[in-house]
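The values are calculated or read from the model by the stated rules, or taken from the named source; none is laboratory data. Computed from a predicted model, the values in this text were never measured in an experiment. Cβ coordinates were reconstructed from backbone atoms using ideal geometry, including for glycine residues, and neighbour counts include every protein chain displayed. Areas reflect the complete protein model, heavy atoms only, side chains present, ligands, DNA and RNA absent. Shrake-Rupley method; radii C 1.70, N 1.55, O 1.52, S 1.80 Å.
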Amino acid sequence: MKKFIKLNLKITAFIICIPFILNSQNITIDSTFTSDTEIFPFTPGTNIYGLGVSGEVTLNSDTSLVRLILIDSSFNEYLLYESYKMISNSSNYSFSDKSDETAFMDETKPYSIEVQIVDASIYIDDLSETLN
């Protein structure tokens, strides 16, 4: 009986997620960042319901930090991705489609990505937007 309930929950979750899987697009960034900056990769007027990021991180010391913050058109901030030595198993690694507070969102008009760096670097390959 437990297996049947777990299977039904998995199937239900998959069915709910199908619209998000089918309606996504990637924004290629293909850039390395070694200092604080703000990037503007979004098409004005676009609404999103989720945002993920893929890339590589290099943490140079115990005090290294990489943080990506999504800023919407109302200047609300959402943590997209964060890494530092205390939560990372490695100093240099790749990641794919990560999203801390941006996996599932209410309708949001994205404005920019704030990149915060302390003694580290991040290569951002692409952003994946979940659209309506």
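Out of PHE20, PHE33, one residue alone is modelled with pLDDT of 95 or more and of a type outside the set (Gly, Ala, Ser). It is PHE33. Restricting attention to the range 47-78, the residues being part of a loop (DSSP other than H, G, I, E, B) and either under 16 Å from ASP36 (Cβ atoms) or touching a Leu at 6+ places or on another chain (Cβ under 6 Å) (or both) number 3.
With respect to the conditions (1) over 25 Å from SER24 (Cα atoms); (2) of a type outside the set (Lys, Arg); (3) buried (at least 18 other Cβ atoms within 10 Å of the Cβ), GLU129 falls short on a single one, namely (1).
Summed over the range 57-88, the residues that are closer than 13 Å to ILE113 by Cβ, touching a Phe, Trp or Tyr at 6+ places or on another chain (Cβ under 9 Å) and aliphatic (A, V, I, L, M) give a count of 5. Which one is farthest from ASP125 (Cα to Cα), of the residues in the range 75-95 that are open to solvent by 80 Å² or more (accessible area, probe 1.4 Å) and in contact (Cβ under 8 Å) with a residue 12 or more places away in the chain? Among those that are open to solvent by 80 Å² or more (accessible area, probe 1.4 Å) and in contact (Cβ under 8 Å) with a residue 12 or more places away in the chain, it is PHE75.
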